[in-house]
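Report on the following structure.
The values are calculated or read from the model by the stated rules, or taken from the named source; none is laboratory data. Everything quoted here is computed from the prediction, not taken from an experiment. Cβ placement follows ideal geometry from the backbone for every residue including glycine, while neighbour counts extend to all protein chains displayed.
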């Protein structure tokens, strides 16, 4: 059968090929999202080797969507190739964290300056509501709730800037360090300090002072960086210990 107008003939198998490709793309997206969530949540910790065959078996898919998912995660910096080991969950050094947080300072500093100029009373009330939910989660010892409201507060701040491209860049940076941000909130006192820093930031926005708002977000991000670097140091110590024990086992007769 031909399409009117002289277009190329439609082969009976074309629809099947199209459907197979669509299904493969859906599976790759599904595996990508699952692996990303597991990396962020720490179920797949930094340094862990990622084996296509094992992941495919666990997820109940072929290796093709797994390979595509790992490629995307590699492009985003969440997975890296190490000679002799293959694909592993990427680790961040102290220097990596310092660089990413320095970039966040610049971008989010600009964002809150704009937010301080543009914010409305409704915007301030929305931020206040987020902080109240965060306070409630903190009082209940709900660390996951604290993490979620922390994410929401920062996302709303950047959104208030009205700068679409900046929003995307900040989201990419936050995504890269999500595992470290989550774990750093487990450090003693960090959730309380985060709440206090967010409260200070909201007060500067109420005043509508761009300079104060920028100073507040920079202070908050520097303290967040210090917490992430402390956690990263603990993680590297554990990772080095595991590698040392692995080498010792290989040397045993």
Residue match in region 115-127 (condition: out of contact with any helix residue (DSSP H, G or I) (no Cβ under 9 Å at 6 or more places or on another chain), modelled with pLDDT under 95 and surrounded by fewer than 14 Cβ atoms within 10 Å (Cβ to Cβ)): no
Residue in region 197-212 that is more than 25 Å from residue 47 (Cα to Cα), free of Cβ contacts under 8 Å to residues at least 24 places away in the same chain and not in a helix (DSSP H, G or I) present: no
Selection from region 168-196 of residues that are within 17 Å of the chain's Cα centre (by Cα), in a helix (DSSP H, G or I) and within 21 Å of residue 135 (Cβ to Cβ): 181, 182, 184
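Confirm whether residue 165 is part of a helix (DSSP H, G or I) and without any contact (Cβ under 8 Å) to a residue 24 or more places away in the chain.
Working: part of a helix (DSSP H, G or I): yes; without any contact (Cβ under 8 Å) to a residue 24 or more places away in the chain: yes.
Criteria met by residue 165.
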